[in-house]
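> There's a structure below that I have some questions on.
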Amino acid sequence: MTDAAILPLPSASNANAAIVESWQLSLHGKAPRTVRHYLDETGRFVAWLVTNGRPASAPGDLLAVERRDIESWLTAQRAECRAQATMRNRWVALRNFYGWALAEGEIERSPLERVVVAKGNPPAPDVLTDGELKALLKSCEGITFYARRDLALIRLMLATGLRVSECCDIALADLDLPNRIIAVRHGKGDKPRLVRFDAPTAAALDRYKRIRARHRCAALPWLWIGHRGRVTRKGVPEMLNRRAQAAGIGHVHPHQLRHTWADRWLRSGGNEGDLQRLGGWESADIMRRYGEARAVDRALSAYDTVNPMGTL
């Protein structure tokens with residue numbers, strides 16, 4: 001969608017068409033998907049207004065909406081058991097529209113004034129069990145090029161928590177096998193960092209490097225290659241899903257390996273500061289989300305180690 005493309009507002013009445021068109025022009029700097037989301041959610045709101053005869057003075061008219069209409073809409077959302085995150089997303093779309101309308105002088109007061117929908121607590125990231133990890137690695141057994149490549153790549157992501165983009169960007173020159181270190185040149189926010197991996201992963205990488213040297217694309221500078229050249233961000237999820245299906249563990253997405261690495265680090269007694277640095281997280285709060293999946297299990301396991309009643 002170009003900046004000039006005006007999308008119709010779903011379920012909008014003719015009375016709203018002109019004002020929505022002007023509002024959409026103000027969204028030119030936002031991603032097309034965000035614009036579509038804002039329009040869809042505002043259209044959904046208009047449809048609710050019309051169905052429920054709100055506002056009473058002009059059902060469906062966005063500019064006639066009052067705070068009590070917004071509150072009734074939110075009550076209806078809760079009654080329908082809408083997830084907090086869904087309600088928040090819908091509220092954000094309306095907040096943008098009414099914020100713009102207020103700034104443009106189309107309304108004197110926003111109906112969302114002092115009406116806040118809190119963010120929903122995100123679900124804890126999913127992690128793989130030890131049994132699932134063993135099955136996944138076993139699915140890569142073999143001496144073929146792809147068996148050795150896939151085993152080395154999956155082990156490396158599990159051992160380091162690398163993001164898919166970071167993993168695909170690794171060049172041969174970034175790999176230091178003797179010291180078991182990889183230089184991440186372009187981490188999130190384009191920040192470089194060093195990561196370390198374990199000895200079995202180093203052995204898997206070494207086996208892959210030896211067979212890689214005989215590949216038709218061996219001259220490429222990137223570490224991960226395939227029949228068509230460099231392995232891409234799209235190629236890694238496809239490979240991982242094939243291996244997961246072969247392992248009989250269902251769908252596995254690459255970020256699960258990062259979740260699992262963080263969980264295993266904390267379960268093994270690693271501290272959060274080192275985890276944040278190795279994982280390349282700017283925010284400690286975001287980093288901690290990755291440890292939430294089994295936080296209770298880790299706390300219970302740690303009890304006997306700490307043993308607060310040990311001297312009594």
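> Express in nm, to one decimal, how much length is gained between R242 and A284 on full extension, taking 0.36 nm for each residue of separation and deducting their alpha carbon distance. Walk me through the intermediate numbers first.
Values: separation 42, 0.36 × 42 = 15.12 nm, distance 3.32 nm.
Length difference between fully extended and current span is 11.8 nm.
> Find how much the distance from H251 to S72 grows on full extension, using 0.36 nm per residue of separation minus their present alpha carbon separation; answer in nm with one decimal. Don't jump to the answer; show the numbers that get you there.
Numbers: separation 179, 0.36 × 179 = 64.44 nm, distance 4.05 nm.
In short, 60.4 nm is gained.
> Related question: Give, in nm to one decimal, the length gained when the segment between A118 and T232 is fully stretched (0.36 nm per residue of separation minus the Cα-Cα distance). If you can, show how the numbers build up before the last one.
Working: separation 114, 0.36 × 114 = 41.04 nm, distance 3.73 nm.
Residue separation times 0.36 nm, minus the Cα-Cα distance, leaves 37.3 nm.
> Using every pair of alpha-carbon atoms in the range 130-304, split the distances into 5 Å bins beginning at 0 and state the percent of pairs per bin, rounded to integers.
Histogram of Cα-Cα distances, whole percents per bin: 1, 8, 17, 21, 21, 16, 10, 4, 2, 1, 0.
> Order 25-33, 208-216 from most to least packed using the mean count of other Cβ atoms within 10 Å.
208-216, 25-33
> Report the net charge of residues surrounding L151, where surrounding means a beta-carbon distance below 11 angstrom and charges are Lys +1, Arg +1, Asp -1, Glu -1.
Details: positive: K138, R148, R149, R155, R207, R243; negative: E141, D150.
Once positives and negatives cancel, what remains is +4.
> Further question on the same structure: Throw me the Rg/Rh for the range 14-103, computed over C-alpha atoms with Kirkwood Rh, two decimals. Before the final figure, lay out each step's value.
Values: Rg = 12.8 Å, Rh = 13.5 Å.
Answer for the range 14-103: 0.95.
Every number in this text was worked out from the coordinates using simple rules, so none of it is lab data. Quick caveat, the model's predicted, so the values are computed rather than measured. Methodologically, a virtual Cβ is constructed for each residue, glycine included, from the backbone with ideal geometry; neighbour enumeration extends over all protein chains shown.
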